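Structure record follows, encoded as structure tokens.
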Amino acid sequence: MEGVADQAKTAQLSKENTESQESVITKWWKLLSDLPLFAGSNQQADNAYEPSFSAQSESTVNKYVIGIHPLHNPKKLFEVYGPIVDFIDANMPEADFVLEASRNYEEFNKKLYSGHFDFAMPNPYQTINSLKHGYRVFGKMGDDHDFTGIILVRRDSGINTVADLKGKAVSYPSSSAVAAAMMPQYYLQTHGIDINHDIENRYVGSQESSIINVLRGHVAAGVTWPVPWKLFSKENPQLAEQLEVKWETEPLQNNGWVVRKDLPTEVADKFATLLFNLDQHQQGRGMLARVPVSRFEPANDGTFEPTRAFIAAFIKTVRPLE
């Protein structure tokens, strides 16, 4: 596998090396001006970065579109997942794979449920829903212990108990985010907060925006999950130091990997093999570290039964889902 890894494309890595020379603080404060602070400002942020396909030469082989749900803003998503897609593409000359970002959860859902994506990594709720739209589960992110919801506050906020959030605003990336919205809302609802009346819920478009909203004091608390929080903390420790994880939920199954059922079995199987073996070679481990996750692993439709149970409890206890 080491020999195969050496053949992978390096264009994305060159780009990352250049970007690493930027000042970390300058990079993040530049990001502040691009991210939406409120749900109503998403249009401006959408226009700031236009998703594009990975560069591909003209070819007669079949092209397959890969969609990753909006874990990050589109630019950041390409930086994190572009090298993985490029690696798979380089090692499957019989097919062309392109990564396509979505500006927000609503756009991603439309593409997923219409069958636009050939392969996709949806969140667990979207994974379950995709089974009704021609997909099957073949894998998932590893590290289920990291699939929790975390609620951040400023260290100087004076918020010490859940009750201190009453009458205040809380930010989330999207109302359909599982770890970064549903799970924390369920936590608050079962710990004395009526999330429909006691707090103001602001859905701000991305994980980064949710973190930055609490950092800048626009909300009393911001919700995310460990993966983007680890990335933010690594890239900007000075800013992250101003925040603390005040509460964390119990874990659920991590994000799924799905494939359209009408794709050739040999294509789906080879894609899965390359994806699941990234942790077996140095180049792949470097790609996984950017996510960050230790591995991707096999799964099937039944893997997400606990998520189904949680969703049912959430709808009954907290709020309806569209």
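A few remarks follow.
- The set of residues from segment 97-115 being outside any loop (DSSP other than H, G, I, E, B) and more than 20 Å from Leu252 (Cβ to Cβ) comprises Phe97, Val98, Leu99, Glu100, Glu106, Glu107, Lys110, Lys111, Tyr113.
- Of the residues Val214, Val219, Val223, the single one that is among the aliphatic types (A, V, I, L, M), under 22 Å from the mean Cα position of the chain (by Cα) and either at pLDDT below 95 or part of a strand (DSSP E or B) (or both) is Val223.
- Selection of segment 199-211 for residues being hydrophobic (A, V, I, L, M, F, W, C) and in a loop (DSSP other than H, G, I, E, B) yields Ile199, Val204.
- Look at (1) open to solvent by 30 Å² or more (accessible area, probe 1.4 Å); (2) without any contact (Cβ under 8 Å) to a residue 24 or more places away in the chain; (3) not β-branched (Val, Ile, Thr) and you find that Arg260 fails only one, number (2).
- Residue count, segment 73-132 (criterion: aromatic (Phe, Trp, Tyr), within 12 Å of the chain's Cα centre (by Cα) and within 20 Å of Met287 (Cβ to Cβ)): 2
- Verdict on Lys230 being open to solvent by 70 Å² or more (accessible area, probe 1.4 Å), out of contact with any helix residue (DSSP H, G or I) (no Cβ under 8 Å at 6 or more places or on another chain), modelled with pLDDT under 95 and not aliphatic (A, V, I, L, M): yes
- Output for segment 269-322, where each listed residue is of a type in the set (Ser, Thr, Tyr) and open to solvent by 60 Å² or more (accessible area, probe 1.4 Å): Thr273
- Some residue of segment 102-109 being open to solvent by less than 20 Å² (accessible area, probe 1.4 Å), at pLDDT below 95 and under 22 Å from Leu288 (Cα atoms): yes
- Phe78 being without any contact (Cβ under 8 Å) to a residue 60 or more places away in the chain and in a helix (DSSP H, G or I): yes
- Taken together, the residues in segment 250-294 that are in a helix (DSSP H, G or I) and either over 20 Å from Leu77 (Cα atoms) or not basic (Lys, Arg) (or both) amount to 22.
- Residue within segment 87-96 that is among the charged types (D, E, K, R), surrounded by 21 or more Cβ atoms within 10 Å (Cβ to Cβ), modelled with pLDDT of 95 or more and assigned to a loop (DSSP other than H, G, I, E, B) present: no
- Screening Arg136 with (1) out of contact with any helix residue (DSSP H, G or I) (no Cβ under 6 Å at 6 or more places or on another chain); (2) without any contact (Cβ under 8 Å) to a residue 40 or more places away in the chain; (3) closer than 30 Å to Val61 by Cβ gives one miss only, at (2).
- Of the strands (runs of 3 or more DSSP E) lying entirely inside segment 116-176, not one contains at least 3 residues that are out of contact with any strand residue (DSSP E or B) (no Cβ under 7 Å at 6 or more places or on another chain) and open to solvent by less than 10 Å² (accessible area, probe 1.4 Å).
- Checked against (1) closer than 27 Å to Gly115 by Cα; (2) not aliphatic (A, V, I, L, M); (3) not in a strand (DSSP E or B), Glu297 passes all but a single condition, namely (3).
- Taken together, the criteria place Ser206 among residues that are closer than 29 Å to Phe304 by Cβ, of a type outside the set (Lys, Arg) and surrounded by 15 or more Cβ atoms within 10 Å (Cβ to Cβ).
The values are calculated or read from the model by the stated rules, or taken from the named source; none is laboratory data. These figures come from a predicted structure and were not determined experimentally. Glycine also receives a Cβ, built like all others from the backbone with ideal geometry; neighbour counts cover every protein chain displayed. SASA here: full protein model, heavy atoms, side chains in, ligands and nucleic acids out. Shrake-Rupley method; radii C 1.70, N 1.55, O 1.52, S 1.80 Å.
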